[in-house]
Amino acid sequence: MSTNFIFLLLLNAVGLISPAKILMVFPTPAPSHYFLGKSLAKGLVNAGHQVTMVNAIEEKNESYQTIRLNGIELALMKANLSTWQELGEQGFLSVELELNTIGRILVDYTVTHPNFQKLLRSNEKFDVVILEQFLNEGLVVLGRHFGAPVISFSTLGATIWTNDLVGNPCPFSYVPESLSGYTDRMNLWERTGNTIVSLIRLLVRHIKVIPTQKELVKEHFPQYYSQYEESLYNVSLVLVNSHESVNYPMPMVPNMVQIGGFHVKPAQKLPGDLQKFMDEAKEGVVYFSLGTNMAPSAISPEIKGAIMGALGRLKQKVMMKWDEDSVKGKPDNVMIRKFFPQQDVLAHPNIKLFVTHGGLLSAFETVYNSVPVLALPIFADQRLNAAKIQNDGYGLFISFTDITEQNFYEAMRKLLDDRKYRDNVNIRSTLMRDVPIKPLDLAVYWVEYVIKHKGAPHLRIAGLDLAWYQYYLLDVIFLITFVFSLVLLFIYYALKFLLKFFVKNNKHKTA
């Protein structure tokens, strides 16, 4: 890190006279989302700040105050929602409408929970509110309630939701929509499909999602109802879990900051039995995990049998994250556990391949540790991540519903035997590590920046105040077209008049 950069950081720190009081609201009952929030909270605490975190995951012995939204998982279960695998098999419009339902339940349950109500009724004040950006736009009025600027945190990187908040440009010609599974090199038909999907998702957001959230604000925060849109489009900063080593490069406005990979930690020694298992794996180890939201036991018997059959044909040992103590047909080379310290497993020198669902956190961890990937995308941004992995040459992907024993085995063998995949992921790892400041330190810096500069309104772009037809220059195009049409019309009638004049004059001379 350069001396000048350190000096700038010190200058920024001078502006913070005392530790800040920070409220973090992460209501999504997904361990991966909570893990990112926890990582940021710890970074802020280590920087000397006082953090209160609202979340749905129970965990003790933290260095910050927690407000637990217990029971939120049960509320979602009672709604009879689709499983992640079922959502992955639905059309994007059905997915969008079901996500809207999830968002309504999340916000309603959060603000009516007794623990959260206690916070709302208190006289507590905060210097900044950090709000997880996931189906909960109504909670943006917490900034007004607590008299603090709002920072949005996107666990999924830059999405159509976060771009809309700060007016971030998202050209459909080369920025693939997260549900599309396209790369940034699209042909005509892909660009057409990407444009249609993106426009429909934007339309659903503005005619369904935002009105639904606004009604929740009217119900729970009527005093801020008239200020809802103003609050929504005056978010001070968006922290996005992305980086060009893993995500596609795209334009970003000044108040959108990438901190992808900030949760990755230095490797620690594995528990004794796991350390022994990996150390003694002469042919190496394959690590299999479908993340924290997918229950492997819910996989269809056909796909489960195909996976087990293919893994059993490998000469490598396999560490398999599974939600059952035993699995029918488990091969002898496979160790099954409900939990593995994933980052430490991926950092072991004997790891040869990571079989994953294609979640973004897993993508950062595998790139950081230089491990080739076989992605089995199921839902949401996993298809996009899987396509990027294959496009960058450090992995392959098979759609989850297309898995057979043979194609699964052949893909693993190709990744294990061909050195180019390891070489390509080494390049990506170098790119990820080559940054002037650690991503977590960067996140802390920008949180402090927003506090010090009273919400940093100077970063907000004027495009947010334009009507949609002004933003896309449709009024300018209309004006130019209108003027051009008038000019053409004038030329047409002028030529017509001149033609008649000369014809008439010529006839007169002939006569």
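Residue check: ARG422 meets all listed conditions (1) touching a Pro at 6+ places or on another chain (Cβ under 7 Å); (2) modelled with pLDDT of 95 or more; (3) buried (at least 19 other Cβ atoms within 10 Å of the Cβ) but one, namely (3). Looking only at residues of segment 311-334 that are more than 31 Å from the chain's Cα centre (by Cα) and not in a loop (DSSP other than H, G, I, E, B), we find that the one that is surrounded by the fewest Cβ atoms within 10 Å (Cβ to Cβ) is GLY312. Within the span defined as segment 95-116, every residue fails to be modelled with pLDDT under 95, small (Gly, Ala, Ser), surrounded by 14 or more Cβ atoms within 10 Å (Cβ to Cβ) and more than 28 Å from HIS263 (Cα to Cα). Among the residues making up segment 182-197, those that are of a type outside the set (Val, Ile, Thr), closer than 17 Å to ALA380 by Cα and out of contact with any Phe, Trp or Tyr (no Cβ under 6 Å at 6 or more places or on another chain) are TYR182, GLY193. VAL286: of a type in the set (Val, Ile, Thr), closer than 15 Å to ARG337 by Cα and surrounded by 20 or more Cβ atoms within 10 Å (Cβ to Cβ), yes or no? Yes, satisfied. Does segment 132-154 include one or more residues that are part of a helix (DSSP H, G or I), assigned by TED's automatic domain parsing to the domain that holds GLY103 and over 26 Å from the mean Cα position of the chain (by Cα)? Looking through segment 132-154, at least one residue is part of a helix (DSSP H, G or I), assigned by TED's automatic domain parsing to the domain that holds GLY103 and over 26 Å from the mean Cα position of the chain (by Cα). Only one of these conditions is not met by ASP344: (1) charged (D, E, K, R); (2) at pLDDT below 95; (3) more than 20 Å from PHE400 (Cα to Cα). Which number is it? Here ASP344 clears every test but (2). Residue selection: LEU81 fails the criterion of being surrounded by 14 or more Cβ atoms within 10 Å (Cβ to Cβ), at pLDDT 75 or above and closer than 22 Å to PRO296 by Cα. Just one of the listed residues (VAL450, VAL444, VAL425) is in the same structural domain as GLY291 (by TED's automatic domain parsing) and among the β-branched types (Val, Ile, Thr), and it is VAL425.
Would it be correct to say that VAL264 is touching a Leu at 6+ places or on another chain (Cβ under 6 Å), aliphatic (A, V, I, L, M), in contact (Cβ under 8 Å) with a residue 60 or more places away in the chain and surrounded by 17 or more Cβ atoms within 10 Å (Cβ to Cβ)? Judged against the criteria, VAL264 is not a match. If you check TYR109, TYR174 for being of a type in the set (Ser, Thr, Tyr) and over 25 Å from SER32 (Cβ atoms), only one passes: TYR174. If PRO254 passes every condition in (1) of a type outside the set (A, V, I, L, M); (2) assigned by TED's automatic domain parsing to the domain that holds SER39; (3) over 27 Å from ALA443 (Cβ atoms) but one, which one does it miss? Just one mismatch for PRO254, condition (3).
Taking the conditions exactly as written (at pLDDT below 95, hydrophobic (A, V, I, L, M, F, W, C), touching a helix residue (DSSP H, G or I) at 6+ places or on another chain (Cβ under 9 Å) and surrounded by fewer than 10 Cβ atoms within 10 Å (Cβ to Cβ)), does ALA467 satisfy them or not? Yes, satisfied.
The values are calculated or read from the model by the stated rules, or taken from the named source; none is laboratory data. None of the values given here were measured: they were computed from a predicted structure. Cβ coordinates were reconstructed from backbone atoms using ideal geometry, including for glycine residues, and neighbour counts include every protein chain displayed.
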